[in-house]
Every structure is written in C-alpha cells, then in structure tokens.
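Throughout, read-outs are computed from the coordinates displayed, never taken from laboratory work. Just so you know, these numbers come straight off a predicted model, no measurement behind them. Cβ sites come from the backbone with ideal geometry, for glycine too, and all protein chains shown count toward neighbours.
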Amino acid sequence: MKLLRLGFIFSIIALACFLFMGTGKAISAEITIRIGSPFKSGTIVVDAAEKFKELVEKGSGGRIEVKIDAGTKAEIEINKMNRAGELEMQSNGTNFLELYAPPYYFFTAPYVMKDFDHYMRAWNGKLGQEARAQLEKNDLKYLATIYRGLRQTTTKKPVYTPADVYNLKLRLPPVPTWMAVWKAMGTDPVGVPLPELYNSLKTGKAEASEGDLPQIAGFKLYEVQSHLIMTNHMAQTAGILINKPFFDKLSKADQDLIVKAGKEAEEWANNKIKTDEGATLVDLQRKGMQVVIPDADSFRAKARDTVNELFKTQWSVTTWAEVLAQ
C-alpha cells in the first residue's frame, strides 16, 4: 500500500512538472535584452546597468531577462552593434555622440563644461533635445545619463602647469577633438581603446592617462601610475541607450517599464557616485597615488583657443558662449 501511495505521489509530481514546464513561462524569459559595456564590473557604468537589470527583471516578473557583457569590447564596437540591433542596449561612454550626433560632441569635450550641474542644464535643454533627436534618427533611444565624476590626469611625475606635460605620451580614447585639445597643451596624444588602457601604461606605449576616478580605480591604474593630477578638465558621463527599432516593437507596458527603469537607474547611480567619489579618492591615495593640485587656470587658458576653434569647425550648431550661458 505504501509503495502504491509513493508511486501515486511521484506520478502527481511528474505531471505537475510537465504541465509547469509546458507553459515555458516559468523556466525561460519571453524577451532577452543584452547590454554591452566597455567598462569592467565594479565601475559605476556597469553598476548602473546591473541596477537597470534588477529593476526590469523584477518589474516584468521575470518575463524580461537582461544579460550584461562588461569589459570585453571597445566603445565604438558596442555602439555599432547597438545601432545595428546586434546588441539591444549599451551602458557606455559618450562615443555615441561622436559617431551619431557629432555636432553635439561638445557635451563630452575637455574644458567645455563647468561641472556636472552645468552639463545637465544643457543636456536637459534645447541643445540636449536636439542631440537626442539626432541619436533617434540613427536608431538609438537615450534612456539615462550616468555621472562618472570629473576627469583627472594620471602620471608618473608631478604636474603643475602645461609646461610639465610637454611631449608627454598621454593615453586618450581615439577621439580627434580630445586629441586636438590635449595637443594644444603640448602633450603627445596616444589613441588607445579603453580595454587596452592598463596595458598601454604598463608597457610604456603611453606614459600618462586621463579619466574619471571610477575609471582610474576600476582599471587599477595605481599599479602603473604614481601621481593623480586634479585637472578637473571634464564632467564625465556615460549613457544607457536602447536600439530604437527593438524598443518600438515592445508593448507599451514594457516600453514604460524600460524608460522608468532607466530613470531610476540614473538616479540611483548618480547618488552613489556623488557619495563614493570622495571615498574613491582616499582609496587611491591609500594605494599609493600622490595627489597633486595643479594650476588649473593655466591649463584652461592653454585650451581656450583650440576649444573656440572646434566650436567653429566641428560643433557649429551652437557657440561656446551659448553653452556657457546654460
């Protein structure tokens, strides 16, 4: 009798499992979203993507699965894949502006913006609206702005004025406008994609770098650079974007969920970085980096003519005066 009862119970369990699996909903997602990022896990840009994943998967009850590929591809490759629909989303640096809305790339250029608040006033105003419209014409819908902090400079020696960076092999992302500004400072720019940043410094291909504190910490540049120069030359952001044709095919409810999750991830990440920025600086010092406060005004003065020229030749949709007035 006991054997019969056990057999009956096992039969019921097997039938329930079969029916449960047969729906397909409980064991696999209906929609998969892949997010590409050139940054490593533990950086704020990937943290924001992970918060987005958490919000979307929870909000959809598991119907939408989000997969994150971090630190394996360069910014430009991720942008092209996202635009083509080979990646549904990206949590990335602002290379998307350089590629698909180049007249608005002044948003991410050395010495243009005063600080992050100034950046956001301009981004949320007419100029930012125009930039987002240009991105949508290129199949990219903008969801969130992630603050990464002010960009600083790392070296193997103290730097106080532009004279101290003369002929310095400075690693930069391969962005012509950035290279033009730093070349005006007297440096010898070396274009290196982000995944190769650490090795370029380790091997001597580059002698110095510039970047926000999360990037400096996340890529462990304290192992290959001894000095942190507080140049504060740019309010660095990242963006979370989605392929627009993919987004347009989603239900209105899923579209609303994704837009809401993007905004919530933005707010969460920006609060986190503002809280963590000071702690990151202290941690870099503990790991051996010597902090130098340079003559920032002398660097800005050296950049002025080149920035003005770039607004005339590359960013002619506006003027530097209009941007500064935001």
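Which order, highest average first, do 250-256, 238-244, 162-168 follow once you tally other Cβ atoms within 10 Å for each residue and take the mean per peptide?
238-244, 162-168, 250-256
Roughly what % of DSSP beta bridges within the chain run antiparallel, to the nearest 5?
55
So how far, in whole Å, is the C-alpha centre of segment 112-130 from the one of segment 179-224?
Computed from Cα coordinates, the inter-centre distance equals 26 Å.
Would segment 276-326 count as rounded, prolate or oblate if I go by the C-alpha gyration tensor, calling it rounded below 1.5 in a/c and otherwise prolate when a/b exceeds b/c, oblate otherwise?
Prolate, since a/c reaches 1.5 and a/b exceeds b/c.
What does the charge dipole of the chain about its Cα centre add up to, to the nearest 20 debye, if the Cβ of each Lys and Arg holds +1 and the Cβ of each Asp and Glu holds -1? Kindly include the intermediate steps, with their values, before the conclusion.
Details: 42 positive and 38 negative charges, 130 e Å.
Dipole size: approximately 620 debye.
Need one word for segment 217-326: rounded, prolate or oblate. Basis is the Cα gyration tensor (sqrt eigenvalues a ≥ b ≥ c); a/c below 1.5 gives rounded, then a/b vs b/c decides.
Values: a/c = 2.74, a/b = 1.27, b/c = 2.15.
It comes out oblate by the Cα gyration axes.
Going by average Cβ neighbours within 10 Å, how do the peptides 279-292, 61-74 rank, with the highest at the top?
Working: 279-292: 14.4, 61-74: 16.8.
In descending order of packing, they fall as 61-74, 279-292.
Between (i) 157; (ii) 132; (iii) 149, which entry matches volume of the Cα convex hull per residue in Å³ as derived from the coordinates of this structure?
Comparing each candidate, only (i) matches the computed number.
On a straight-distance basis, which aspartates and glutamates could pair with Lys156 in a cross-link, Cα separation under 12 angstrom, same-chain partners fewer than 8 positions away excluded?
Lys156 reaches Asp164, Glu207, Glu223.
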